[in-house]
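Here is the structure we will look at, set down as structure tokens.
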Amino acid sequence: MPYISLFRLEVRSYELDVYNHVNNAVYVNWLEHGRCKMLQDKGLDYTRIIDNWGVRYMTVRTEIDYRQPLHLGDAVEVSSQLERVGNTSVTLSQRVAKTGMAEPAAEARVVIVFTDAASGKPTQVPSEFVRLFA
């Protein structure tokens with residue numbers, strides 16, 4: 001079973017749009033934080049990935065399905081997990097939901113490509129990454 005990373009937050013006033021719910025662009029920031037948290041859970045960050053494996057880790061695609069609104073003060077949980085491993089990319093499944101609720105506010109799939117740190121060309125997904133998160 002893949003590793004699932006979680007972090008919690010509370011919706012802040014500056015994250016709301018004119019309809020008084022969380023602006024769609026805020027979800028992209030939360031998802032990015034979720035991916036960073038997933039790495040941190042295993043003692044990694046973008047710099048350590050370069051230093052340890054000689055590769056870069058970059059987002060190339062983000063798909064988000066918005067299911068229901070979130071509002072000021074809502075307790076929110078963002079989960080992130082590895083869904084698929086390709087040759088040079090991985091797909092992460094991410095979910096945003098009110099804490100304790102089964103129905104998500106948003107679901108996302110994010111494709112990450114690994115590139116050689118020196119050349120910038122796509123390179124194989126590090127086996128250590130797969131071992132840590134699959």
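Every number here is computed from the coordinates shown, using simple stated rules; none is lab data. Note that this is a predicted model, so its numbers are computed, not measured. As a convention, Cβ positions derive from the backbone with ideal geometry for all residues, glycine included, and neighbour counts pool all protein chains shown.
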Tell me which of Tyr57, Ala106, Val78 sits at the most positive position along the dipole axis of the chain, charges placed on C-beta atoms (Lys, Arg +1; Asp, Glu -1). Tyr57
Got a sec to turn the phi values of region 122-134 into Karplus ³J(HN,Hα) couplings, 6.51 cos²θ - 1.76 cosθ + 1.60 with θ = phi - 60°, whole Hz, x for Gly and Pro? x, 9, 4, 4, x, 4, 5, 4, 4, 4, 6, 10, 7
Which of [x] 45, 29, 23; [y] 70, 32, 20; [z] 66, 40, 29 is the computed Cα extents along the principal axes in Å for the structure on display? [x]
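For the chain, what is the mean residue ellipticity at 222 nm derived from helices alone (per DSSP H run of n ≥ 4: -39500 (n - 2.57); sum divided by total residues; nearest 500 deg cm²/dmol)? Don't skip to the end; give the middle numbers.
Values: 3 runs with 33 residues, N = 134.
So the helix-based figure for the chain works out to -7500 deg cm²/dmol.
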Output the 0 to 90 degree angle, nearest 10, between the alpha-carbon long axis of helix 24-41 and the longest principal axis computed from the alpha carbons of the chain. 50 degrees
